[in-house]
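The values are calculated or read from the model by the stated rules, or taken from the named source; none is laboratory data. Quick caveat: nothing in here was measured; it's all calculated off a predicted structure. Every residue, glycine as well, gets a Cβ built from its backbone with ideal geometry; the counts of neighbours run over all protein chains shown.
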Amino acid sequence: MIPDAPTLNREHIRPGDRICAAVSGGADSVAMLLLLHAANALARNALGVGLSAVHVHHGLRGEEADADLEFVRGLCLRLEVPLHVQHASVPERVIRSREAGEPETIEEAARALRYEIFGALIGEGHADSVLTAHTLDDQAETVLMKLLRGAWTEGLSGIHPVIAVVGAGRPGKILRPLLGVRRAELEEFLRGRKQAWRTDSSNADEAFRRNRVRHHLLPVLREYNPSLDQALANLAELAREEEARWQAELGRILPQVLLPGKPVRGGGRAVSTAPGEGSVAVELERLRGFDPALRRRVVRAAARQVGARLSFDDTDRLLALAGFGVDATVAARPGGSLQLGGGLRAERSARELRLYREEPAKHS
C-alpha cells in the first residue's frame, strides 16, 4: 500500500508564481520536489506555478558531492524541471571569515552561501520564492539547540515558515512548505514510490553539534516526552507570535522613548554623523513607567540601534545601572558607566541612560 502524500503548506504560494526548489539530493528535498511536481500537474487544484530547482555544490565532500549533483541532474531531467546549478567554496569562505575577525563554522558558512545564492536567483528574476525542505524534525533540533545556548524569544522562534528577502532590489521569499511534516513521513513517501535519495555522510559526523543533538540528545529526551518534537515546534510557533506582537509594540513605543546623541547645554542634542560614533539614550523616568518585560525590550532595542546585541547578563547589568534589578556589582548612580560585550559602552547621567559603541583603536 502506497502511503498518502505528505501535505505541502501552500499558504504563501500563488498561481503564476515562479518557485525554485532547493534540492540537495537528500530525502527531504527530493520528496519536496516530487510533491511540488505532482501538485503542479494536477488537473484540479493545481498549484499553477512555474517550477524550477536549484542545487548548490558547496566544495565539500569531494566525489560524494559530485555524485549528489549528478543524482539531482538526473532527477530533474526525468521530471522535466529546469535546474540551476551553483558552485560555491565553503572552505574559502571560512578562511575569509577568520581573516576578517568574524569566524564562521562550516555549517554557518554553507548556510550563508546558500542564502546568498537564493537571493541572487530572486534578484535575477529566476524565482519569486525559493523553497527549502526543512521539516518538523529540523525545527525541533533547531529550537533545542537555541534553548541550550540560552536564546531569547526571537531565537526560540526557530525556523520561520516564510522569510522576506530582497535580491538586487527585487522582493521575494524563502518558504519552508514541509515545516509541519516529520522526516520519517517523507522517507516513507519516497519508499512507497520506489524513489531513491542521497545520504550525506556528514550527517553522521559528530563533530557537528546538530548531529550530536539529533542522534544522542533528542532520543533520550523523547523517552520523557514521545511528542517532544511537536512540543518544540509548538514552542517555536508561540515564540514567533510573541515576537511579532512585541515588535509591533516596540515599533509604536521606540520613537517616543529613544533619543539620538547626547544632550548639550541650552537644550537640544548633539548627534554625530561620523561612522561608528552614533549613540542613543533612554530617559530614566520613561523607563520607570514601564513594566520589567518592556524595560528589557527597550534597552535591548536601544543597543541594536547602535549595532550591538545584548546577552542576558549584559541586559541585567545595564538595567542595574539604570536603577532596576539586583546586580550588586553595578553602582546605580549618575556618572556610572559600564563596558559591555561587542564594544558597547553605557553611561548614566541624572536623567538618561546613554549607549554607544567604542571603535577598536587603530594602530599605525
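Tell me which residues, restricted to the range 20-69, are of a type in the set (Asp, Glu) and in contact with a helix residue (DSSP H, G or I) (Cβ under 9 Å, 6 or more places away or on another chain).
Scanning the range 20-69 gives Asp28, Glu64.
From the residues in the range 4-46 that are without any contact (Cβ under 8 Å) to a residue 24 or more places away in the chain and in a helix (DSSP H, G or I), which one is surrounded by the fewest Cβ atoms within 10 Å (Cβ to Cβ)?
Only one residue tops the list, namely Ala41.
Can you tell me which residues in the range 197-242 are under 22 Å from Leu60 (Cα atoms) and polar (S, T, N, Q)?
Residues satisfying the conditions are Thr199, Ser201, Ser202, Asn203, Asn211.
Restricting the search to the range 84-119, which residues are of a type in the set (A, V, I, L, M) and farther than 20 Å from Leu60 by Cβ?
Across the range 84-119, the qualifying residue is only Ala100.
Of all residues in the range 17-74, which are farther than 18 Å from Arg176 by Cβ and of a type in the set (Val, Ile, Thr)?
Val72
Just to verify a result, which residue in the range 200-215, among those that are of a type in the set (Lys, Arg) and over 18 Å from Ala27 (Cα atoms), is farthest from the chain's Cα centre (by Cα)?
Here the answer is Arg212.
Could you identify the single residue in Arg296, Arg252, Arg288 that is surrounded by fewer than 13 Cβ atoms within 10 Å (Cβ to Cβ), within 29 Å of Val162 (Cβ to Cβ), modelled with pLDDT of 90 or more and outside the structural domain of Glu63 (by TED's automatic domain parsing)?
Of the residues listed, the single one that is surrounded by fewer than 13 Cβ atoms within 10 Å (Cβ to Cβ), within 29 Å of Val162 (Cβ to Cβ), modelled with pLDDT of 90 or more and outside the structural domain of Glu63 (by TED's automatic domain parsing) is Arg252.
Just checking: which of the helices (runs of 4 or more DSSP H) contained wholly in the range 209-261 hold 3 or more residues that are within 30 Å of Leu355 (Cβ to Cβ)?
Because the criterion is at least 3 residues that are within 30 Å of Leu355 (Cβ to Cβ), the helices (runs of 4 or more DSSP H) in the range 209-261 that meet it are 228-257.
Could you go through the range 68-85 and let me know if any residue there is part of a helix (DSSP H, G or I), touching a strand residue (DSSP E or B) at 6+ places or on another chain (Cβ under 6 Å), of a type outside the set (A, V, I, L, M) and in contact (Cβ under 8 Å) with a residue 24 or more places away in the chain.
Yes, the range 68-85 has at least one match.
Please give the number of the condition Gly123 fails out of (1) at pLDDT 95 or above; (2) touching a helix residue (DSSP H, G or I) at 6+ places or on another chain (Cβ under 9 Å); (3) more than 30 Å from Leu232 (Cα to Cα); (4) among the small types (Gly, Ala, Ser).
(2)
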